[in-house]
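For reference, the structure discussed in these notes is given below.
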Amino acid sequence: MLKDIINSALGNEKADLVLKNGKIIDVLNHKITEGNVGIKEGIIIGIGDYEGAEEVDVKGAYIAPGFVDSHVHIESAMVTPSQYAAAVMPKGVTTIIADPHEIANVKGEEGLAFMIEDSRSVPLEVHYMLPSCVPATPFDHGGCVIDGEKTRELLKKYSFLGLGEMMNYPGVIGCVPDVMKKLESAEYIDGHAPMIGGKGLNAYACGGIRNDHECGSAQEALEKVSNGFDIFVREGTGAKNLEELMKAVTPYNLRHFAFCTDDKHPAEILREGTISHCVDKAISLGYDPIDAYTMACYNSCVSYNLGRKGAVASGFEADIVVTRDINATQIERVYKKGVLAAEKGKALFEPPCSDISSVENTVNIDKVTAEDLYMPFDKNKTVISLDKGSLITHGVYCESGEGLSLCANIERHNKTGNIGKCYVKGLDITNGAIAQTIGHDSHNISVIGSDSKNMAAAVNALGRQGGIAVVKNCEVTAKMELPVGGIMSYKSAERVAEEHERIVEKAKTLSPSGSNETLMILGFISLLVIPHFKLGDKGVFNVDEFRYI
């Protein structure tokens, strides 16, 4: 009760919990103080000389606010929300803003309902945004369509925090009626506008867009801050922008920067964390530690109007990280609303057994032949060129097919028979292929290989459940099932990481460039809203001109 909290703050009643002898990171006053933190009924009652029913001596460790991931697609970790919680909470994350547009593109409202329900029984605070672009563009062919009318219906039916990333920036700038209907339905709207500036950016901002996580340069970030955007500095698996974007952060604009991961694979989450990794990397680059914590905790809460959260201060929710070092690499305890949720790298809760019956068996194609995927090399046709460490891809012309790989995007939801094909520069796969049902955002089948025969073998190995398959010399060398929409497993993050690491190891045998990043790039080569050239199920797509070529 409120009066009990107030009386405990006065010292008239014992606190439920007191964390003693800590170095408290004060993101509100930009300082570190030594003292004790009192907690009552999940609320921080203050810093001072408090007694508690439970007292924990942290012995000089840092006491920080719980970390907030300001923009994440849980599905990219290839686990369910409850399993994701068990993976990230030991790394200090207590709140996430999740956009479930991956599962929505596969299973629509059924997929959204699955994610919401699966999140209920774990302590991780998950705020879902309603996906705004299902499909991502009018040129995509996924498993579901959420139009303006359906958007209004879903916003009323479920407790979404707002509208997820508006990737269809041409639709905003061009005032497409259905896009306008979506924008007018929500008070808070996430952004996605890579390389958009000038009057185009002005127009996009006027659509009510509040943030952006797609900045590729410090200058782009600064222009967007000046246009009223909060910038989410992304450090994921395929896109790593932190080192560049931190150059834009100053004491004057700090409030407008926060960290996010967007998309990150499970092995990296378990090895280095998500937001804790952002804190560590920023500090390692020489940035002020308290600035890093402000970006990791408080700024997202302000941006999303989450209330009194994101700071160790009186009246704030007791979401707390206890870390032995200021870099957040030695996290000892994680509290959610004053309750110990993780300790010594382990979650103290058991994820539920998820009912996946509504979201499985989602691969709907006929058997694929080598002839279906074959395409002769033509020096007059666009080749997609990859940039290492980036989701940006370019269109180039090559004199020969030497060193190139063949790539295809196969529609897998409605049995349309659509297959887009092109050559790709930057992987040089030999004697094999990789196929997966992870293909942002429609999650059709993406397959890349040395030849169409190996590619067909990889695609056919996926079956009805979907997942990832690696083939060498037309034999399957590794396979990973992802029965939840063809993009997630119901297993623990540890098990999924082991299976995925085997996939990565086998992928390395096909290409000198083969890596975890290769699989992430394969998953994004079909995302028609990331510049400059992508591959859809109807062929090569010019993102800048927003048309198939």
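The values are calculated or read from the model by the stated rules, or taken from the named source; none is laboratory data. What you see is a predicted model; the values in this text were computed from it and never measured. Because the Cβ atoms are built from the backbone with ideal geometry, glycine has one as well, and the counts that use them run over all protein chains shown. All accessible areas refer to the heavy atoms of the entire protein, side chains included, with ligands and DNA or RNA removed. Shrake-Rupley method; radii C 1.70, N 1.55, O 1.52, S 1.80 Å.
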Exercise for review: Pull out a ≥ b ≥ c, the square roots of the eigenvalues of the alpha-carbon gyration tensor of the range 243-308, then state rounded if a/c is under 1.5, prolate if not and a/b is larger than b/c, and oblate in the remaining case.
Suggested key: oblate
Check your understanding: Roughly what % antiparallel, to the nearest 5, for the DSSP beta bridges in the chain?
Key -> 70
Point to revise | At R0 = 30 Å, FRET efficiency that the Cβ-Cβ distance of ALA370 and SER400 yields, to 0.05 | key: 0.90
Revision key, fill the gap. Given all pairs of distinct Cα atoms, the range 6-105 yields a Kirkwood Rh in Å of 15.6
Point to revise | Unsatisfied cross-links (Cα-Cα over 28 Å) in the set LYS247/LYS421; LYS425/LYS479; LYS264/LYS379; LYS224/LYS281; LYS3/LYS91; LYS107/LYS337 | key: LYS247/LYS421; LYS264/LYS379; LYS3/LYS91; LYS107/LYS337
Practice item. Before anything else, pin down the relative contact order of the chain: Cα pairs under 8 Å, at least 6 apart, normalised by residue count, whole percent. Key: 16
Check your understanding: Hey, if you drop one equal point scatterer on each alpha-carbon of the range 494-549 and run the Debye formula without solvent, what base-10 log of I(q)/I(0) do you get at q = 0.17 Å⁻¹?
Key -> -0.65
Review point. Got a sec? What order do GLU109, GLU117 fall in by accessible area at 1.4 Å, biggest, i.e. largest, first?
Key: GLU117, GLU109
Revision key, fill the gap. For the range 259-395, the percent of all C-alpha pairs falling in each 5 Å bin, from 0 up to the bin holding the max distance, is 2, 7, 10, 13, 15, 12, 9, 8, 7, 6, 6, 3, 1, 0
Exercise for review: In debye, nearest 20, what is the charge dipole magnitude of the range 322-475 about its Cα centre with +1 on Lys and Arg Cβ and -1 on Asp and Glu Cβ, if you could check?
Suggested key: 420
**Study point:** Where the chain is the region considered: accessible area per residue in Å², 1.4 Å probe
**Key:** 37
Review point. If you find the alpha carbon centre of the range 220-238 and of the range 449-528, how far apart are they in angstrom?
Key: 31
Review point. Could you give the dipole magnitude of the range 416-533 about its Cα centre, charging the beta-carbon of Lys and Arg +1 and that of Asp and Glu -1, in debye to the nearest 20?
Key: 260
**Study point:** Prolate/oblate/rounded call for the range 86-224, Cα gyration tensor, a/c under 1.5 rounded
**Key:** oblate
**Study point:** FRET E, pair ASP178, SER358, Förster distance 30 Å, beta-carbon r, rounded to 0.05
**Key:** 0.65
Practice item. Name the lysines eligible as straight-distance cross-link partners of LYS182: C-alpha to C-alpha under 17 Å, and not fewer than 8 places from it in the same chain. Key: LYS150, LYS156, LYS157
Study note, to complete from the structure: In whole Å, largest first, the alpha carbons of the range 459-529 cover along the principal axes 32, 31, 26
Review point. If you build the Cα gyration tensor of the chain and take the root of 5 times each eigenvalue, what three semi-axes come out, in whole angstrom, biggest first?
Key: 41, 24, 22
Check your understanding: Roughly what would the spin-label model give for ASN542 and ARG152, points 7 Å off Cα along C-beta, in nm?
Key -> 3.7
Check your understanding: How high is the relative contact order of the range 40-98, in percent, with contacts defined as C-alpha pairs under 8 Å that are six or more residues apart?
Key -> 41
Practice item. Would you check the accessible area of ARG255, probe 1.4 Å, heavy atoms only, in square angstrom rounded to 10? Key: 80
Point to revise | Signed unit charges on C-beta, dipole axis of the range 377-489, positive-most listed residue ILE384, MET455, SER405 | key: MET455
Practice item. Take the Cα atoms of the range 201-247, build their convex hull, and give its volume per residue in Å³. Key: 66
**Study point:** the range 225-335, Cα convex hull volume normalised per residue, Å³
**Key:** 115
Check your understanding: In the chain, carbon and sulfur make up what percent of the accessible area (probe 1.4 Å)?
Key -> 48
Point to revise | Contour excess over end-to-end distance, with Cα ends at VAL476 and LYS240 and 0.36 nm allotted per residue | key: 81.8 nm
Review point. What shape does the range 337-391 have by the C-alpha gyration tensor, where a ≥ b ≥ c are the square roots of the eigenvalues, rounded means a/c under 1.5, and otherwise prolate means a/b greater than b/c and oblate the rest?
Key: oblate
Revision key, fill the gap. The range 252-274 and the range 88-147 have their Cα centres apart by a whole-number Å value of 18
